[in-house]
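Everything on this sheet refers to the single structure shown next.
The values are calculated or read from the model by the stated rules, or taken from the named source; none is laboratory data. Note that the structure is a prediction, hence the values are computed from the model and not measured. Cβ placement follows ideal geometry from the backbone for every residue including glycine, while neighbour counts extend to all protein chains displayed. For the accessible areas, the whole protein counts, side chains as well, though only heavy atoms, and no ligand, DNA or RNA atoms are used. Shrake-Rupley method; radii C 1.70, N 1.55, O 1.52, S 1.80 Å.
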Amino acid sequence: MSSITLRHASPEDIPTILGFIKDLAEYEKEPDAVKATPELLKENLFEKNHARVLLAEESDSSQTESKTPIGMALYFFTFSTWTAKPSLYLEDLYVSSEKRNKGVGKVLFAGLGQVAKAKGCARMDWSVLDWNEPSIAFYTKTLGAKKMEGWSTMRLEEEGIEKLGSLTSTPLPSIL
């Protein structure tokens with residue numbers, strides 16, 4: 001008999017996190033898109049604390065010391081101006097392929113719910129690829145999440161961010 005536990009990741013988990021990121025990119029048909037490195041994960045997750053990772057682990061009741069990572073939820077906080085409260089943004093949820101449809105996603109979302117409640121979040125947000133029907137069904141039918149009709153995700157990557165400095169001829173003081 002096995003059980004699933006959750007814990008926040010530590011720097012020692014970086015190889016596992018990076019492995020899950022690569023597996024997720026493969027699942028999402030973007031294997032060459034991963035630019036994450038152990039150094040970047042260490043800096044941005046554990047030194048600058050830009051995001052946190054919940055790890056789901058499976059343990060065999062006969063071996064209490066042996067735990068196997070089987071999924072993760074990488075999240076951070078945003079702010080809702082309409083509610084004047086924080087929001088939890090789920091950047092990525094990943095469950096190992098052989099552990100899908102076995103309750104791991106439910107455990108990860110329950111953990112995220114605990115975090116959101118503890119931080120006073122008014123809501124949780126995340127994106128899902130249009131073609132990912134199994135996940136969409138889980139989110140809407142099991143969790144009761146709603147699709148945000150009429151909203152589109154916008155993105156600027158590094159080059160676009162760099163170009164923002166040339167939008168105006170007005171000299172801007174440093175705001176940092």
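Quick notes on this one:
- Residues that are surrounded by 10 or more Cβ atoms within 10 Å (Cβ to Cβ) and farther than 20 Å from LEU88 by Cβ, drawn from the stretch 135-162: ALA137, LEU156, GLU162
- Within the stretch 13-52, considering residues that are touching a residue at least 24 places away in the same chain (Cβ under 8 Å) and assigned to a loop (DSSP other than H, G, I, E, B), the one farthest from the chain's Cα centre (by Cα): GLU28
- Applying a threshold of 6 Å to beta carbon distances and a minimum spacing of six or more residues, or different chains, the list of pairs starting in the stretch 132-157 at a residue that is within 17 Å of VAL104 (Cα to Cα) and ending at one that is open to solvent by less than 50 Å² (accessible area, probe 1.4 Å) reads TYR139/ALA145.
- Within the stretch 72-94, residues that are of a type in the set (Asp, Glu) sit with their Cβ atoms under 7 Å from residues that are part of a loop (DSSP other than H, G, I, E, B) and surrounded by 12 or more Cβ atoms within 10 Å (Cβ to Cβ), at 6+ positions apart or across chains, in these pairs: GLU91/ALA51.
- Among the residues of the stretch 133-166, the ones that are within 25 Å of ARG52 (Cα to Cα), part of a loop (DSSP other than H, G, I, E, B) and of a type outside the set (S, T, N, Q) come to 10 in all.
- Scanning the stretch 46-59 for residues that are in contact with a His (Cβ under 9 Å, 6 or more places away or on another chain), more than 23 Å from ILE136 (Cα to Cα) and charged (D, E, K, R) turns up at least one hit.
- Candidates THR37, THR78, THR16: the one that is among the hydroxyl-bearing types (Ser, Thr, Tyr) and surrounded by 16 or more Cβ atoms within 10 Å (Cβ to Cβ) is THR16.
- On inspection, THR5 fails the criterion of being within 28 Å of SER87 (Cβ to Cβ), among the hydroxyl-bearing types (Ser, Thr, Tyr) and in a helix (DSSP H, G or I).
The rows are residues; the columns are (1) modelled with pLDDT of 95 or more; (2) in a helix (DSSP H, G or I).
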residue: LEU112; (1), (2): yes, yes
residue: VAL115; (1), (2): yes, yes
residue: ASP125; (1), (2): yes, no
residue: TRP131; (1), (2): no, no
residue: THR168; (1), (2): no, no
residue: LEU176; (1), (2): no, no
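- Looking at SER3, SER62, just one residue is over 21 Å from VAL128 (Cα atoms), open to solvent by less than 60 Å² (accessible area, probe 1.4 Å) and modelled with pLDDT under 95, and that residue is SER3.
- Flag if GLY120 is touching a strand residue (DSSP E or B) at 6+ places or on another chain (Cβ under 7 Å), in a loop (DSSP other than H, G, I, E, B) and open to solvent by less than 100 Å² (accessible area, probe 1.4 Å): yes
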